[in-house]
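Report on one structure; see the data block that follows.
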Amino acid sequence: MTEATLHPEDDKIITLARAARARTGAAQGAAVRDETGRTYSATDVALPSLTLSALQVAVAMAVSSGSESLEAAALVTAGAGPSEADRAVVADLGGSTLYTAGPDGKLR
């Protein structure tokens, strides 16, 4: 799927991920959309005692809010794309669509 044909709801989660990243200056921003259409956005967490990727945080937020499955997920980063752990946490909730974009929002 190209950016020209990206569904507006998928474009929305990329925009939310970009905004989360920009707001905090984090390395990563992510957003997920659950089975009811609710969205959750997050950034990576790097504390001495806790390290989570942005996707892990966004999925945890969705699960803690009662989500049972994901329709789509997006990761925005200047670095490498999603890790195996990121792919696994999205797959844990049945997510099969995982977009990766640069800070400018362009899909990779």
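Read-outs: derived from the displayed coordinates by stated rules, not from any lab. In this text, all values refer to a predicted model and were calculated from it rather than measured experimentally. Every residue, glycine among them, receives a Cβ derived from its backbone with ideal geometry; neighbour counts consider all protein chains shown.
Considering only segment 3-101, what is the antiparallel percent among its DSSP beta bridges, to the nearest 5?
80 percent
Can you give the Rg to Rh ratio for the chain, taking only C-alpha atoms and Rh from Kirkwood?
Taking Rg over the Kirkwood Rh, I get 0.94.
Loop-only check: which trypsin sites (Lys or Arg not before Pro) in segment 16-60 are DSSP coil with at most 14 other Cβ within 10 angstrom?
For trypsin sites (Lys or Arg not before Pro) across segment 16-60 that sit outside H, G, I, E and B with at most 14 neighbouring Cβ atoms in 10 Å, the list reads R38.
Name the most mobile residue of S69, S96, S49, meaning the one with the largest mean-square fluctuation, in a Gaussian network model of the chain with Cα contacts below 10 Å.
S49
On a full-extension model of 0.36 nm per residue, what is the gain between S83 and H7, subtracting their alpha-carbon distance, rounded to one decimal in nm?
Length gained, S83 through H7: 24.9 nm.
Give a residue-ordered list of calculated ³J(HN,Hα) values for segment 37-42 (Karplus: 6.51 cos²θ - 1.76 cosθ + 1.60, θ = phi - 60°; whole Hz; x for Gly, Pro).
So the J values, rounded to whole Hz, are x, 5, 10, 9, 10, 7.
From the phi of every residue in segment 98-108, what ³J(HN,Hα) in whole Hz does the Karplus formula 6.51 cos²θ - 1.76 cosθ + 1.60 yield, where θ is phi - 60° and glycine or proline is x?
10, 8, 10, 9, x, x, 7, x, 6, 5, 10
Could you pull out every residue, at least 5 positions away or on a different chain, whose amide H is within less than 5 Å of the one on A72? Hs are placed 1.01 Å off N in the peptide plane, and Pro or chain starts have none.
Hits under the 5 Å cutoff: R33.
At 222 nm, what helix-only mean residue ellipticity would the chain give, in deg cm²/dmol to the nearest 500, using -39500 (n - 2.57) for each DSSP H run of four or more?
-10500 deg cm²/dmol
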